[in-house]
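Everything below concerns the one structure shown next.
The values are calculated or read from the model by the stated rules, or taken from the named source; none is laboratory data. Just so it is clear, the structure is predicted and the values come from calculations on it, not from any experiment. Note: ideal-geometry Cβ built from the backbone for every residue, glycine included; neighbour counts use all protein chains shown.
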Amino acid sequence: MTKHRTETQLTLTDLIDASSSCPFCLSRAERDPVFTIQQKPLIQWLFCTQCKAYSASMMPTEQFLESYYRNYYDETQSKITVGRPERLARHIAQLLPENSKTTLKILDFGGGDGTLAKVLAEILRQKHPTTDFKITLVDFNQEKDAENEFLTFHSEPSLTAVKNQKFDIILASAIIEHVPEAHHLLQELFDLLADKGTLYVRTPYVTPLKKLFRHYPLKYPMHVHDIGPSFWNRVAKRYSNPLEILVSQPSLVASGFSKKKWLRSCVAHTLKLPTRMEKQLRNNPTDYFWNLMGGWEILFRKKNE
Ligand SMILES: [Zn+2]
């Protein structure tokens with residue numbers, strides 16, 4: 001298989017065998033290999049027929065990921081995983097239902113430097129000038145505490161540090177695909193929702209593209225999972241948390257129409273279009289015929305208990 005710039009050769013000491021059960025639904029049913037990511041040691045891309053998730057058969061260890069991301073951030077000089085946080089924040093603000101609370105608690109999980117949550121708070125503040133915001137960033141990278149007249153910002157290294165709190169808005173944008181123990185992570189995120197609280201999730205879904213275009217990168221070991229509508233439209237049923245789905249659709253195209261990115265953006269928009277049409281015509285199906293959308297986003301809301 002062709003090696004891509006983003007794909008790194010891992011040794012046995014960097015890896016944990018995760019082939020015996022699905023990291024999302026914990027099913028021990030045999031999962032079919034779809035691609036080989038690496039020959040020695042063998043790492044395969046497995047499909048779970050139970051929950052419809054794709055995951056790597058071998059997961060990078062915590063130590064490997066720590067040093068990998070440290071180097072990654074040093075090289076890119078940026079901690080944000082989305083090209084234009086303002087655009088994504090405006091998009092999320094449009095999806096969110098009205099919330100009349102005077103203080104909104106926002107959790108930005110894996111949000112790099114927390115820009116997405118800060119910009120989102122500014123946009124929501126324009127709509128509701130009397131609302132205050134308490135932002136907690138949970139990320140491997142720690143940021144300094146900050147505050148202004150309507151916002152406090154604080155960061156924590158892990159979800160364990162906030163486990164006794166509840167949040168009105170949780171952002172998990174382009175992060176779940178990085179976390180090996182995904183079943184437990186989703187449980188933690190659902191548990192952290194306040195009544196009527198919303199969880200916004202965005203993940204890449206590129207396996208169908210890679211089936212067509214052999215060179216399309218899976219971005220392992222950064223991405224250890226790949227999950228689209230068939231996964232997200234079923235996931236809430238596996239947890240006891242009372243959840244409803246407010247939005248489930250192809251994700252926003254992250255790149256804009258600058259000189260360098262216009263072709264990429266055109267292709268991305270074009271590939272998402274048939275899914276958007278199918279969503280309308282088939283009235284939000286669980287599974288789509290057209291799966292070349294490249295990424296999915298979903299907004300969950302916790303129902304009153
Ligand atoms: Zn599964």
In region 88-123, which residues are part of a loop (DSSP other than H, G, I, E, B) and either at pLDDT 95 or above or not acidic (Asp, Glu) (or both)? Leu96, Pro97, Asn99, Ser100, Lys101, Thr102, Gly110, Gly111, Gly112, Gly114
Would you confirm, using the coordinates I've provided, whether Leu10 is among the hydrophobic types (A, V, I, L, M, F, W, C), modelled with pLDDT of 95 or more, over 30 Å from Gln249 (Cβ atoms) and more than 22 Å from the chain's Cα centre (by Cα)? no
Of residues in region 10-35 being under 15 Å from Val224 (Cα atoms) and among the aliphatic types (A, V, I, L, M), the one surrounded by the fewest Cβ atoms within 10 Å (Cβ to Cβ): Ile16
Residue that is within 20 Å of Ala117 (Cβ to Cβ) and either touching a strand residue (DSSP E or B) at 6+ places or on another chain (Cβ under 8 Å) or modelled with pLDDT of 95 or more (or both), where the choices are Lys163, Lys210: Lys163
I'd like the full set of residues that are closer than 19 Å to Glu297 by Cα and touching a strand residue (DSSP E or B) at 6+ places or on another chain (Cβ under 6 Å), limited to region 97-113. Ile106, Leu107, Asp108, Phe109, Gly111
Out of all the residues in region 289-303, which are over 19 Å from the mean Cα position of the chain (by Cα) and under 17 Å from Lys210 (Cα atoms)? Phe289, Trp290
Can you name the residue in region 127-149 that is touching a helix residue (DSSP H, G or I) at 6+ places or on another chain (Cβ under 9 Å) and surrounded by fewer than 16 Cβ atoms within 10 Å (Cβ to Cβ) and is also nearest to Met222 (Cα to Cα) among such residues? Phe140
How many residues are under 14 Å from Tyr54 (Cβ atoms) and within 12 Å of the ligand (Cβ to nearest atom) if we restrict to region 13-22? 2
Counting only residues in region 23-46 that are closer than 20 Å to His184 by Cα and free of Cβ contacts under 8 Å to residues at least 60 places away in the same chain, the one nearest to the ligand (Cβ to nearest atom) is identified as Ser27
Please verify whether Arg264 is modelled with pLDDT of 95 or more and among the basic types (Lys, Arg), treating the condition exactly as stated. no
Quick count over region 280-305, residues being modelled with pLDDT of 95 or more, out of contact with any helix residue (DSSP H, G or I) (no Cβ under 9 Å at 6 or more places or on another chain) and not in a strand (DSSP E or B), is 4
If Glu188 meets every condition in (1) among the charged types (D, E, K, R); (2) in contact with a helix residue (DSSP H, G or I) (Cβ under 8 Å, 6 or more places away or on another chain); (3) at pLDDT below 95 apart from one, which number is that one? (3)
Could you grab the pairs with beta carbons closer than 9 Å, sequence gap of 6+ or different chains, first residue in region 53-73 and at pLDDT below 95 and assigned to a helix (DSSP H, G or I), second one small (Gly, Ala, Ser) and surrounded by 15 or more Cβ atoms within 10 Å (Cβ to Cβ)? Tyr73/Gly112
